[in-house]
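This report concerns only the one structure given below.
Please treat every number below as a calculation from the coordinates, not as lab data. Everything quoted here is computed from the prediction, not taken from an experiment.
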Amino acid sequence: MRAAALATPLAALLLAACASQPAVETAEAKEESAQMNSGWQAERAKYMDCVQDKASDGAKGKGTSKEVAAGAIDLCKGQLKVMHDAFQSYLSAQMSSAHGQTSARQAAERVTTDTREKARTYLTRYVEVERYKAGQR
C-alpha cells in the first residue's frame, strides 16, 4: 500500500519531466556559431600563410632552418594572437558557466600552442625542402 502511494506521485513527476520541451537553439544562434567557427579557422589559415611567407623570405638567407622557422613565427605572433582571441570568443559563446569560460580559455591556450608548434615543425621542414629545391636549379 505504501509503495503504491509513493509510486503515483513519482510517476507523475517522471511524466512531467519527460513532457518538458528541450532547449532549442534558434536559427540565428546556429548561424552566428557557424560564422564564429569559420572565423577562427580563417584566422588560423591567415596565420599559417603569414608564417609560410616569412619562412619563404628567410629560406633565401643564412641561418638554420630552425632559426628561420623561429623568426617567421616571431614575425607573425600578432596574427596568432588574433586567431587565439577568435577561437576563445567562439568557445566562450558556447559556454555559459564560469567553469565553461575557464575551459574555453584553457582550450584556446592549447589550440594556440598546438598551432604554433605545428607551424614550427612544418616550417623547419619547409625551409629544408625549399633550400634543397633551390640547390637543384
The lysines whose Cα lies under 18 Å from the Cα of LYS81, excluding any fewer than 8 residues away in the same chain, are LYS46, LYS54, LYS118
Under the definition of Cα pairs under 8 Å and six or more residues apart, what whole-number percent is the relative contact order of region 31-134?
37
